[in-house]
Structure formats: structure tokens, C-alpha cells
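Read the structure below first, then the notes.
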Amino acid sequence: MTTRTLVIHPDIKAERGANRSAQARLDEITGLASALDLDIVDSRIDVVSVVRPGTLFGSGKLKEFKDLVHDEKIDLLIMDGSLSPVQQRNLEKELSVKVLDRTSLILEIFGERAQTREGALQVELAHLLYQKSRLVRSWTHLERQRGGLGFVGGPGETQIEADRRMIDMRVERIRRQLEKVVRTRGLHRQKRQKAPHPVVALVGYTNAGKSTLFNALTGASVMAEDMLFATLDPTMRAIETGAGRRVILSDTVGFVSDLPTQLVTAFRATLEEVLEATVLVHVRDISSPETEAQASDVRDVLKELGLKEATIDGAIEVYNKIDRLEADELAAVRNEAARNDNIVCVSALEETGVAAVLDAIERQLAAEDLSLDLELPFDDGEALAWLYANGSIKTRTDGETAANLTLSMSRKEAAQFEKRFGYNFT
């Protein structure tokens, strides 16, 4: 049986921002709830003029909610935004239903979506950190006292202290397990760094179409559904640009506005692929009326991860889902792309414009290439083969014993060549 769910966006006057409308926020939280296959019985916006510390809403609104919960046989209330532990407890007590706030809901989605061992550990860590923040003296059972050792005349360990200690122990165990996973990922990253292939990371708001674009670029079959957080665990594939350059393409977890701090912290190891990427590709749902606000949220998370602003500003912007645009809207975004080499218009679903994404990636990589000269003896066939495989040979003049080459390659490739074969470029 599905869980009958009521979704509410509290439109708090004091917190209204210019980025998003209340309706857009309601649509997003409803989409998040739908990602868990909940039965959304009703979704609504309720204006909050004065925030009540204990319940968020006033008594009249609570009576209205209580009647709705009773009449519609509601099992779950999802409240957009952040509830204090006291507010969550009081709402559950007043309405006699389970209450989730935005952070709780996102944690639930992540818990269901994580496929790998690392993903499951990261989600559990985020859950525990969130639960620890909920341990306040608002539940009566947490005030119960356990017997002390008797050496001190005061009270023994309280239940809340015991719960916090148990969570701390579990958190420490998970962190140790994650350290092993991170070390393994680090070894894999070192191997990739030894290979002269740049990493291209796809980033973007959740449900922007990153995985669909990833599949179109690689021919892979990564889960790509029209739902929020369809992808949690990173996927990497080797592809070639139009110029024949080999790159590693990485698909990452989607971002969302007000992404819980616990999740940013827990998934930092996964998102290290973004931090170390040579090229950043920001995939946007250009058909969404909230596309600018979503793009701003993505940039904010990237900054929080420690990415430099110059890197964020230099990202390739893929305007995805152009198949959903009206003719005048499509003309406008195409005109914008025509004026900016870093903007590409695509429909990943229809696989139109995909080659242009590869061309944009190649342009960014080529702009970083060095122009180099080298005299290479004919008898060093391994080094010559490496240059042909990994560099771009512009001219070659053969002498009696050596080839004089003019070529281009990235700084990383040049450094790898010099270290491996002992030659110095001029």
C-alpha cells in the first residue's frame, strides 16, 4: 500500500526570496516526494505571517491540517523547508502523523537511490549526523536516567547522552570504512592521473538531464529517469572528442536548492571527481522557468565544495531539453549560444547537439595546449608512438637519425612525457 501524503510549502513572509516563487518551490518539493513513489493526496502553499517557535503555524491552521489529515486518511506530512526538532515533534503530536522536513525527505531519497557500498555508507553517515542534530531535550524518554557507577553522588548517564554516544560510535565506524573507500578511489584517481586523459565532469541541478546526456555521449546505459536524484553514485567512461582526443567523462549526483549540509559533507569524497576535473560541463534544464535559480544553486554548491570561481565561471553550459521550448524561446537561446562558444544547445533525449558538446570540450582542452618542438631519435619508437597516441603532431621533418616534431599537448601530458621518457621540450 502506498503512503498517503500531504505536501505543504510554508510561504514564510520573512524568508521570501527573489529567486523562486512559492509555486516553484511547491512543485520541486512535490517532485522530490514523487521520487519516493508516495501517493500525493494534496499539495498546497500556506502563508506564514508569524512563525510560531513550537509549531511553525498558528492554532487555526493546525486545526485545518488536522481535519484534512483525518478526512483524507493522511499517513505522512512533508513540510518544505527546515523544521526544528521541537516543531517536528509538536506537529507529529498535534496531527498524529509522521512529519518529514526537506532535509529528512532528501535523506530518504538518497537512502533509496544509493547503489554502491560507498553510496550506502555516505547516506548512513548523513542520516546519523542529522539524527544527532535532532537529539534535544524535547522527548521525555531522553530524560530517563541510567544508573551511575556510584563514585559520584550525582545522576548517571542520561538517555540523550547514551543515544549521542552510540551515534558517535557508529559515525566513527562508518568514517573509518569510508576512509578505506576513499583510499581506493584515490588509487584509482592516481592511475587516471598517470594516464594522459583529462577528466570532464558533468554537473547540474537534479533532473537537468545529466545522465541522459552522459548516455548520449558514451553509449552507456546509466539510469536516466524523469525524476529527482535518479543518479547518486558517480559513473565514469572514456570517450573521444571530434578531434580524436581521449577523455574521461564523469556523471555526478545532481544538486538541489538548500542541499542539506550533512549530504554535502558526506558526498564530498564522491564529488572530488568534480574538484579534480579538467573541464566542467554544467547541464541545465533550459526549459524550466527556474533555470536561472537552479544554475545559481549549482554554482553555490560548487563554491561550497571549494571550487574556484574562475573554474565555475569557465564551465561549458549545456542548455538541455530544447525540444520542450516554443519556437521563439528556442530562437532566443540559440542566439545566445551563437554569441558564446561556452554555451551549447542540445536535446539529450533526442541526441541532437551532442557532437557540439564534444566540440566545446575539445575547444577548452585545445586552448590549454602547449605548442612544443622536439628532436626525437628514430630508434626510440616507444616515445614516438606515445606522442602520436596522446599528442597532436602538427609537422614532422625527418633527418638522418631523428625526427623533428612540432606538436601540441596539454601541460599534464607534456609533464608525463618528460618524466616517462626523459626528454625536454624546447
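The values are calculated or read from the model by the stated rules, or taken from the named source; none is laboratory data. Nothing here was measured: the structure is a model prediction, and the numbers come from that model. Here Cβ is always computed from backbone atoms with ideal geometry, including for glycine, and neighbour counts include all displayed protein chains.
Please state which of the following conditions HIS197 fails to meet, knowing it meets all the rest: (1) at pLDDT 85 or above; (2) in contact with a strand residue (DSSP E or B) (Cβ under 8 Å, 6 or more places away or on another chain).
In the conditions (1) at pLDDT 85 or above; (2) in contact with a strand residue (DSSP E or B) (Cβ under 8 Å, 6 or more places away or on another chain), HIS197 misses (1) alone.
Quick check, is ASP323 closer than 17 Å to ALA216 by Cα, of a type in the set (Asp, Glu), under 26 Å from the mean Cα position of the chain (by Cα) and surrounded by fewer than 18 Cβ atoms within 10 Å (Cβ to Cβ)?
Criteria met by ASP323.
Quick test for you: out of LEU365, LEU384, pick the one residue that is buried (at least 17 other Cβ atoms within 10 Å of the Cβ), more than 36 Å from the chain's Cα centre (by Cα), of a type in the set (A, V, I, L, M) and not in a loop (DSSP other than H, G, I, E, B).
Just one listed residue meets the conditions, LEU384.
Just to be sure I understand, how many residues within region 390-424 are in contact (Cβ under 8 Å) with a residue 40 or more places away in the chain, of a type outside the set (A, V, I, L, M, F, W, C) and part of a strand (DSSP E or B)?
Count: 2.
Residues are listed down the side, and each one gets a yes or a no for (1) in contact with a Ser or Thr (Cβ under 9 Å, 6 or more places away or on another chain); (2) closer than 22 Å to ALA126 by Cα; (3) in a strand (DSSP E or B):
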{"position": "VAL50", "(1), (2), (3)": "no, no, no"}
{"position": "GLY60", "(1), (2), (3)": "no, no, no"}
{"position": "ASP67", "(1), (2), (3)": "no, no, no"}
{"position": "LYS73", "(1), (2), (3)": "no, no, no"}
{"position": "GLN87", "(1), (2), (3)": "yes, yes, no"}
{"position": "GLU94", "(1), (2), (3)": "yes, no, no"}
{"position": "VAL99", "(1), (2), (3)": "no, yes, yes"}
{"position": "SER104", "(1), (2), (3)": "no, yes, no"}
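Which residue is nearest to the chain's Cα centre (by Cα), if the candidates are limited to region 207-249 and must be modelled with pLDDT under 85 and of a type in the set (Ser, Thr, Tyr)?
THR231
Would you mention how many residues in region 1-45 are touching a His at 6+ places or on another chain (Cβ under 8 Å), modelled with pLDDT of 90 or more and surrounded by fewer than 17 Cβ atoms within 10 Å (Cβ to Cβ)?
Residues that pass the stated criteria total 2.
Sort through LEU376, LEU358, LEU372 and tell me the only one that's in contact (Cβ under 8 Å) with a residue 40 or more places away in the chain and either part of a helix (DSSP H, G or I) or surrounded by fewer than 14 Cβ atoms within 10 Å (Cβ to Cβ) (or both).
Being in contact (Cβ under 8 Å) with a residue 40 or more places away in the chain and either part of a helix (DSSP H, G or I) or surrounded by fewer than 14 Cβ atoms within 10 Å (Cβ to Cβ) (or both) holds for just one of LEU376, LEU358, LEU372, which is LEU358.
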